[in-house]
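Student: If you scroll down you'll find the structure; I have some questions about it.
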Amino acid sequence: MRKNNPKLRFLLAPVILLIAMVLINACRKQNESFSIITASLSIENAKNYFSTIVVAKEKQKLSVPYSTLSKRSETRRFARMGKLNTLLQWDKARVNTENGFDFVVVPVDQTRKPFKNKHFEALRNLIFYKDILGQIQVSIMEVISKKDEAITVDGQKIGKIAFSNMYFHKSLPIDLANISVLFYDIDYAFQSSYSVTNGIWSVSKYILKNTSQLYLNKTIKTNSLNDRISSPLSTIGLLSTCQSCTEYALIGTLYDVNSGAILFQETLDIWSECVETDPNGNIIVTIYPYGPEPDPIFSKADHKLPNQNRLPKDGTSNTQVGSMCAYKVIEWVSKFFGGSVTAGNALLWFAQTANLTLAELIASVTTNGINSSDLTTVIGNYFNFASVTTASEIRSAIDAGHPVMAFLLVPGGGHEVMITGWNDDQTFEYFDPQTGFYVNVAVSELNNPQEIISSK
């Protein structure tokens, strides 16, 4: 039994920085040289993190065999971190501080009218900040003007106020701007959207969607940008210098927040993407599209969980740190049920509840992870759950829409995963929080499975 440590609750906040430093060094790969050395966030910190970790992770993700990630997959086509790295205006970046919280706004170098539809203007910022464990996070901010409105407010000012409103749940006005603001995570997965009308900030549901077929507004002349036409891929001719071309449309849709009814829909852009390969077979794409990739792949199982958009994207960069596989799975299970528990939240809750010493806490993060009995305690804090023991019971859990947590035996111990589906060949699909990919496995390799029924 662990001894009580009443001082930990007072020491925990000051040692977060130390833990963060250990976290970063514990999970550092050969191409990841960044480390946190101060509690504040500088432009140089953000720049180093993006170039040496974010871009490197994307490059590593794209280096997997084509059997894992198809050569023609849209995940490869819409991989943008390396491309955005060449467009970030670090000389115009600014550090903002609010209540001791630092965040860096970095503008993206682009024309103010990037779309073929010239009724709209746009700009982009990348926002860097630290989470509860001191790890740097990145939020992508896309700003789209209202139709026939100009973006007259400085992009840095929009970035500062909009991120502050989103992160701290404020409603500060942004001059007299008429814009929509959308936030995405580092995988370009949609997070939230807001409307600014004559400067007044409000929550909205504005969705940008890239699609390879056009279903557009029929109010304007035939063959114009807003014509309602269908362009399946089979009708698109090849350009003489390309192996294949795909035509995409970027459509913006504003929904009523309460009823979900479409209030406004407009095609912002149409572009033909010519896909070529270099001598090594790597895809060359020169465009920098707005919005997420079309229909990203989540689970690939024959029988899968519902609400696929709440599951991690196959090949996600949002993976575990150190030995925190169990905590990362808890984070993804929480997201699946519409919650917001993070790996850091779960770790700190357990540290305080179990009265861990600092040495135990650091060891848990970097090498030891968490044992099965303690993990059951953490799961029980956030979810209603039940033990399942047979393949039939796991299949029934998935069919009922319940993810299952289990661990695999790996060299050095166990590795917690999230079971997301089952296949006709009787294998089970799990999401690996370490690699970010979905994998199939025999039921005999799943240990101590727990059906997660609902959030508490």
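The values are calculated or read from the model by the stated rules, or taken from the named source; none is laboratory data. Quick caveat, the model's predicted, so the values are computed rather than measured. Note: ideal-geometry Cβ built from the backbone for every residue, glycine included; neighbour counts use all protein chains shown. For the accessible areas, the whole protein counts, side chains as well, though only heavy atoms, and no ligand, DNA or RNA atoms are used. Shrake-Rupley method; radii C 1.70, N 1.55, O 1.52, S 1.80 Å.
Student: With a probe of 1.4 Å, find how much accessible area region 52-186 has per residue, and write the answer as a whole number in Å².
Tutor: 41
Student: Quick one: grab the alpha carbon gyration tensor of region 311-445, order the square roots of its eigenvalues as a ≥ b ≥ c, and give me rounded if a/c is under 1.5, else prolate or oblate depending on whether a/b is larger than b/c. Intermediate values should be presented prior to the final figure.
Tutor: Working: a/c = 1.68, a/b = 1.57, b/c = 1.07.
The shape class here is prolate.
Student: A further question on this structure: If packing is taken as the average number of other Cβ atoms within 10 Å across a peptide's residues, how do 194-204, 327-337 rank, most packed first?
Tutor: Values: 194-204: 16.5, 327-337: 24.1.
Per-residue Cβ counts within 10 Å, averaged per peptide and sorted highest first, yield 327-337, 194-204.
Student: While we're looking at this one, here's another question. Among 335/456; 205/304; 130/205, which pairs are too far apart, with a Cα-Cα distance over 18 Å?
Tutor: Checking Cα-Cα distances, 205/304; 130/205 exceed 18 Å.
Student: Dipole of region 95-161 (Lys/Arg Cβ +1, Asp/Glu Cβ -1, origin at the Cα centre): which of 123, 159, 100 lies farthest to the positive side?
Tutor: 123
Student: For region 254-270, just list the computed ³J(HN,Hα) in residue order, Karplus coefficients 6.51, -1.76 and 1.60, θ = phi - 60°, integers in Hz, with x standing in for Gly and Pro.
Tutor: Once rounded to whole Hz, the list reads 9, 10, 5, 4, 8, 8, x, 5, 6, 9, 7, 8, 8, 7, 8, 8, 10.
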